[in-house]
1. Just the residues that are modelled with pLDDT of 95 or more and hydroxyl-bearing (Ser, Thr, Tyr), please, taken from the stretch 23-69.
2. Just a yes or no: is a residue in the stretch 118-126 at negative phi, modelled with pLDDT of 90 or more and of a type outside the set (A, V, I, L, M, F, W, C)?
3. Give Val44, Val54, Val25, Val7 a once-over and let me know the one that is touching a residue at least 24 places away in the same chain (Cβ under 8 Å) and closer than 18 Å to Val135 by Cα.
4. Scanning the stretch 119-145 for residues that are among the hydrophobic types (A, V, I, L, M, F, W, C) and surrounded by 23 or more Cβ atoms within 10 Å (Cβ to Cβ), which turns out nearest to Leu58 (Cα to Cα)?
5. Within the stretch 71-118, which residues are assigned to a loop (DSSP other than H, G, I, E, B) and either hydrophobic (A, V, I, L, M, F, W, C) or surrounded by 19 or more Cβ atoms within 10 Å (Cβ to Cβ) (or both)?
6. Looking at (1) in a helix (DSSP H, G or I); (2) more than 14 Å from Met1 (Cα to Cα); (3) not charged (D, E, K, R), find the lone condition where Leu134 falls short.
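The values are calculated or read from the model by the stated rules, or taken from the named source; none is laboratory data. Keep in mind that this is a model prediction, so the values were computed, not measured. Note that each Cβ is placed from the backbone with ideal geometry, even for glycine, and that neighbours are counted across all protein chains shown.
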Amino acid sequence: MESRVKVLGHPAHQVFVPIPIGLLVGSVGMDVWGWTSDDPSWTVAAHRMMGIGVLAGLTAAPFGSIDWLSLPANTRAKRVGAVHGTSALTALALFAGSWWLRRNEPEDPPLAARLLSLAGLAVLSLTTWFGGELVARLGVGVSDRAHLNAPNSLRDDGVVSLTKPEAVSV
């Protein structure tokens, strides 16, 4: 099933999701580093990355919702997509809660904030697995014309596009 919203010929949701994933996973790494090194600059950076990651995740979510709404009812893809979307929103809520608890003292976050971000990481891991299942196993977001010698994706294919570049051959 082809994505309904594209950026330069690629599914918008798949284009945007690496940004929040990288920021949120990176924030946990920085948090752990700050906790073990006693250097508060790392936990301050983790706080900032978390906030930006949550906003980026909320930016990616509508594109996934549009694709999910177009999936046929009573399919495995619809069920997996529902779990994927619900777990993604849960992960964002956990990270948002962690960010909120840190807002007054990002250099010395409370234990609850750290635990929320670790829980967020666990749920985010589940979310990304379900996202991979949707794309790699169920073909959601994959072009109906995909094959080993398909032309590049920078062409008008009748799908809503955020940009309409001239066709480019590679």
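1. Hits for the stretch 23-69 are Ser27, Ser41, Thr43, Thr59, Ser65.
2. Of the stretch 118-126, the ones at negative phi are 118-126.
Within this subset, residues satisfying the condition of being modelled with pLDDT of 90 or more are 118-126.
Restricting the remaining residues to those that are of a type outside the set (A, V, I, L, M, F, W, C) gives 120, 125.
So far as the stretch 118-126 goes, yes, one or more of its residues are at negative phi, modelled with pLDDT of 90 or more and of a type outside the set (A, V, I, L, M, F, W, C).
3. Details: Val44 fails: closer than 18 Å to Val135 by Cα; Val54 fails: closer than 18 Å to Val135 by Cα; Val25 fails: closer than 18 Å to Val135 by Cα.
Exactly one of Val44, Val54, Val25, Val7 is touching a residue at least 24 places away in the same chain (Cβ under 8 Å) and closer than 18 Å to Val135 by Cα, namely Val7.
4. As a first pass, look at the stretch 119-145 and keep what is among the hydrophobic types (A, V, I, L, M, F, W, C): 119, 121-124, 126, 129-130, 134-136, 138, 140, 142.
Checking the rest, the ones that are also surrounded by 23 or more Cβ atoms within 10 Å (Cβ to Cβ) come to 124, 134, 140.
Values: Leu124: 14, Leu134: 19, Val140: 20 Å.
The extreme case among them is Leu124.
5. Start the filter on the stretch 71-118 by keeping residues that are assigned to a loop (DSSP other than H, G, I, E, B), which leaves 71-75, 103-110.
Listed by number, the residues that qualify are Leu71, Ala73, Pro106, Pro109.
6. Among (1) in a helix (DSSP H, G or I); (2) more than 14 Å from Met1 (Cα to Cα); (3) not charged (D, E, K, R), Leu134 violates only (2).
One line per residue, one yes/no per condition, for (1) under 10 Å from the mean Cα position of the chain (by Cα); (2) buried (at least 17 other Cβ atoms within 10 Å of the Cβ); (3) closer than 19 Å to Leu115 by Cβ:
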| position | (1), (2), (3) |
| --- | --- |
| Val5 | no, yes, no |
| Phe16 | yes, yes, no |
| Met50 | no, yes, yes |
| Pro62 | no, no, no |
